[in-house]
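A short write-up of the structure that comes next.
The values are calculated or read from the model by the stated rules, or taken from the named source; none is laboratory data. Note that the coordinates shown come from a computational prediction; the quantities given were computed from them, not determined experimentally. Every residue, glycine among them, receives a Cβ derived from its backbone with ideal geometry; neighbour counts consider all protein chains shown. SASA here: full protein model, heavy atoms, side chains in, ligands and nucleic acids out. Shrake-Rupley method; radii C 1.70, N 1.55, O 1.52, S 1.80 Å.
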Amino acid sequence: MEDPSSRTAHDGPPGQVARGGSKSGGPAAHGGPPGQAARGGSHSGGPAAHGGPPGQAARGGSDSETDVTREIKTHFRVCRFIMESGVKLGMRSVPVATACELYHRFFECVSLRVYEPYLVAMSCVYLAGKVEEQHLRTRDIINVSHRYFHNASAPLDCDREFWELRDSVVQCELLILRQLDFHVSFRHPHKYLLHYLMSVKALVNRHAWTRTPVAETAWALLRDCYHGVMCIHHAPQHIAIATLYLALNSYGVEMPVGEREWWQVLCEDVTKEDINAVISDLLQLYDMEAKCV
């Protein structure tokens with residue numbers, strides 16, 4: 001069973017970080033790096049090709065939408081940006097997952113109204129490459145991000161605009177580190193899912209396993225979990241079990257019946273309620289995806 005963490009991810013004026021601040025520095029409450037804080041004036045926001053700059057994404061919904069719903073949609077779109085950028089940068093699955101988790105944990109601590117989400121996302125990609133030892137050049141991250149919002153444009157020249165954006169990415173990285181107290185190494189569900197898949201493959205009918213893409217589906221479901229905050233609200237073992245449980249049931253693959261359920265054998269502390277909670281959150285993400293399209 002191949003571990004996708006060894007493959008590329010599928011499915012990659014300085015200090016413009018905080019919105020609403022002045023050129024004398026970011027908001028002191030969050031230790032913002034010096035430079036502009038405006039949401040609308042940074043070089044990191046994207047135009048309408050992908051739903052507009054983050055400021056528009058957060059405020060552009062209908063009057064019936066709540067602020068929470070608009071923020072969830074914004075985070076969903078930004079995590080999609082992280083994943084698509086990760087593919088283009090050749091990042092493995094685990095570094096992309098780390099970038100998404102860094103992003104979610106950062107915005108668990110601060111308000112979306114204060115910080116530019118796409119700039120934070122670029123810095124999370126840069127930091128995740130260091131954490132997971134897949135180092136990326138800031139120039140590559142900036143050019144991929146620029147191309148994401150400007151499909152027909154050429155790479156940025158190494159002019160003042162480029163160096164200002166590069167300084168913003170680096171300073172925002174330091175802000176993320178301070179905000180998270182330098183706790184940037186996480187346990188991901190990937191290693192658990194790999195182990196569970198190998199165990200389940202040995203238990204089920206060989207022909208049933210080869211006829212159905214259970215493994216591929218489980219990995220895809222796991223990747224989709226990082227569009228939302230599931231990665232920080234559920235234990236990694238529970239996410240791995242739930243994605244495998246959903247993949248098996250989707251294709252009607254039957255597991256041997258014993259004294260205990262197969263998922264209790266693989267993970268002793270997981271309950272059916274834990275599995276249902278993860279699946280419920282995942283289905284809500286798919287519903288959110290339909291609304292974001």
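Just to be sure before I move on: is D287 open to solvent by 40 Å² or more (accessible area, probe 1.4 Å), modelled with pLDDT of 95 or more and either in a helix (DSSP H, G or I) or charged (D, E, K, R) (or both) in the structure I sent? It is false that D287 is open to solvent by 40 Å² or more (accessible area, probe 1.4 Å), modelled with pLDDT of 95 or more and either in a helix (DSSP H, G or I) or charged (D, E, K, R) (or both). The helices (runs of 4 or more DSSP H) falling completely within segment 184-272 that include 2 or more residues that are over 19 Å from H104 (Cβ atoms) map to 190-203, 206-211, 214-225, 236-250, 262-266.
Scanning segment 100-118 turns up no residue that is touching an Asp or Glu at 6+ places or on another chain (Cβ under 6 Å), assigned to a helix (DSSP H, G or I) and open to solvent by less than 30 Å² (accessible area, probe 1.4 Å).
When E173, E164 are checked against the criterion of being surrounded by 13 or more Cβ atoms within 10 Å (Cβ to Cβ), touching a His at 6+ places or on another chain (Cβ under 9 Å), charged (D, E, K, R) and in a helix (DSSP H, G or I), E164 stands alone in meeting it.
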